[in-house]
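Student: The structure under discussion is supplied below as structure tokens; questions concerning it will follow.
The values are calculated or read from the model by the stated rules, or taken from the named source; none is laboratory data. This structure is a prediction, so every number in the text was calculated from the model and none was measured. No Cβ is skipped: glycine too gets one built from the backbone with ideal geometry, and neighbour counts run over all protein chains shown.
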Amino acid sequence: MRASGSVQGSGGGGAYREPLGLEDRRAPVGDLTPRSVAGVEGEGVAVGRAIGAEPAIDGGDAVHAPTARDEAVTFKNRCRVACDFKEVANFSPNCAARLRLRRAGKGTPLEDVWRTMARGPLRRPLLAALLLGVGFVACTNAYVLERGSSRMPDPSATTEQSSEATLVVLGAGVRPDGALSTVLRDRLDQAIELWNRGTSKKILVSGDHGRDGYDELGPSRAYLVAAGVPDEAVFLDHAGFDTYSTFWRAHRIFGARRVVVVTQAFHLPRALYYARAEGLAADGVAAARPTYPFAIKYATREVVSRTVAPIYVFFQRKPRAPGGGAGLLATNGHTTHDPHE
């Protein structure tokens with residue numbers, strides 16, 4: 001026998017009646033909730049209004065909300081919605097709005113994506129792609145970190161070994177007025193300290209000087225010279241637009257064989273990975289400052305950059321400006337300076 005019923009209550013202009021779908025009940029009422037059917041009736045009105053049920057006039061002044069979704073909801077689920085509303089309302093002022101979205105089959109973008117993955121036909125392929133993506137990022141980052149593990153230069157190196165080594169200072173941003181950024185200044189300070197210690201006799205400064213009005217190398221060179229480094233010992237790579245290009249050019253254009261890389265700790269593993277992938281004997285020294293204002297931004301960018309690093313190396317990506325010639329480190333540093341400066 002098919003049974004039907006409704007939750008009724010008084011309020012406004014008439015009774016509020018909502019189909020309960022009793023034909024869907026397969027378990028005794030006592031198995032659903034400790035409340036009796038009569039105990040839930042009074043809550044049906046408040047819950048129905050709180051979740052935004054659209055009223056419709058049926059004949060006289062009876063008001064109900066017979067949506068297709070409501071017709072499919074069982075009595076057990078209606079009792080659960082009533083309980084959820086009372087519990088959530090105690091600590092969430094937006095619970096009514098969220099329940100309204102949930103009853104309408106809507107939600108936040110993240111919830112919509114999760115619903116599609118959980119119920120749609122592409123559930124398994126999407127989950128598999130997500131797991132593969134996360135695994136690829138984790139594996140490539142672990143590989144680059146391991147291959148780019150830092151080694152400090154040997155302080156007992158001989159004069160001959162020091163003459164073979166080249167300090168490579170990776171470029172960073174400068175301000176519109178030509179002032180050094182904090183990141184770049186810290187790298188140069190560390191290079192000056194290593195120079196004074198006798199770690200190397202040459203400093204190769206890499207950076208972006210590929211457009212008019214922007215020059216990372218001129219201010220860096222002036223800073224080093226002002227600190228006592230001879231001008232002829234400062235070599236400039238005007239096409240070091242990124243870390244990969246810097247070591248590609250350091251090996252193939254400048255003729256470096258052994259390098260001591262100077263950069264920040266978050267950047268050092270990837271820099272050493274590129275240097276060693278180019279066949280350079282590479283050690284590294286991290287700039288001394290422990291933290292930076294945008295540390296989270298730098299860390300996030302490094303995760304992405306470390307993910308693509310093995311791809312660049314495997315496919316032997318060409319730099320944006322490969323250049324020509326070789327063995328520039330065997331010449332005087334003046335040959336690499338901008339003649340207009």
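Student: Give the stretch 204-236 a look and list any residue that's more than 22 Å from residue 247 (Cα to Cα) and buried (at least 24 other Cβ atoms within 10 Å of the Cβ), or say none.
Tutor: If the condition is that a residue be more than 22 Å from residue 247 (Cα to Cα) and buried (at least 24 other Cβ atoms within 10 Å of the Cβ), then no residue fits.
Student: So, residue 275, is that one surrounded by 24 or more Cβ atoms within 10 Å (Cβ to Cβ) and closer than 14 Å to residue 170 by Cβ or not?
Tutor: yes
Student: Something else about it: Just wondering, is there one or more residues in the stretch 289-303 that are within 20 Å of residue 232 (Cβ to Cβ), under 26 Å from the mean Cα position of the chain (by Cα) and modelled with pLDDT of 90 or more?
Tutor: No, every residue in the stretch 289-303 fails to be within 20 Å of residue 232 (Cβ to Cβ), under 26 Å from the mean Cα position of the chain (by Cα) and modelled with pLDDT of 90 or more.
Student: With respect to residue 181, is the statement that it is within 15 Å of residue 239 (Cα to Cα), under 30 Å from the mean Cα position of the chain (by Cα) and among the hydroxyl-bearing types (Ser, Thr, Tyr) true?
Tutor: no
Student: For residues that are touching a Phe, Trp or Tyr at 6+ places or on another chain (Cβ under 7 Å) and hydrophobic (A, V, I, L, M, F, W, C), tally how many sit in the stretch 255-306.
Tutor: 4
Student: Between 331, 300, which is surrounded by fewer than 18 Cβ atoms within 10 Å (Cβ to Cβ), more than 23 Å from residue 141 (Cβ to Cβ) and free of Cβ contacts under 8 Å to residues at least 12 places away in the same chain?
Tutor: Result of the check over 331, 300: 331.
Student: Within the stretch 252-266, which residues are touching a helix residue (DSSP H, G or I) at 6+ places or on another chain (Cβ under 8 Å), surrounded by fewer than 24 Cβ atoms within 10 Å (Cβ to Cβ) and not aromatic (Phe, Trp, Tyr)?
Tutor: 253, 255, 257, 258, 264
Student: Looking only at the stretch 278-316, count how many residues are of a type outside the set (A, V, I, L, M) and under 29 Å from residue 254 (Cα atoms).
Tutor: 15
Student: Taking interchain pairs and intrachain pairs at least six residues apart, which have beta carbon atoms under 7 angstrom, with the first residue in the stretch 187-211 and in the same structural domain as residue 175 (by TED's automatic domain parsing) and without any contact (Cβ under 8 Å) to a residue 40 or more places away in the chain and the second part of a loop (DSSP other than H, G, I, E, B) and of a type in the set (A, V, I, L, M, F, W, C)?
Tutor: Taking only residues 6 or more apart or on different chains, the pairs are 192/227; 192/229; 195/229; 203/229; 208/241.
Student: Could I ask something else about it? Return yes or no: is residue 321 over 28 Å from the mean Cα position of the chain (by Cα), touching a residue at least 40 places away in the same chain (Cβ under 8 Å) and under 17 Å from residue 203 (Cβ atoms)?
Tutor: no
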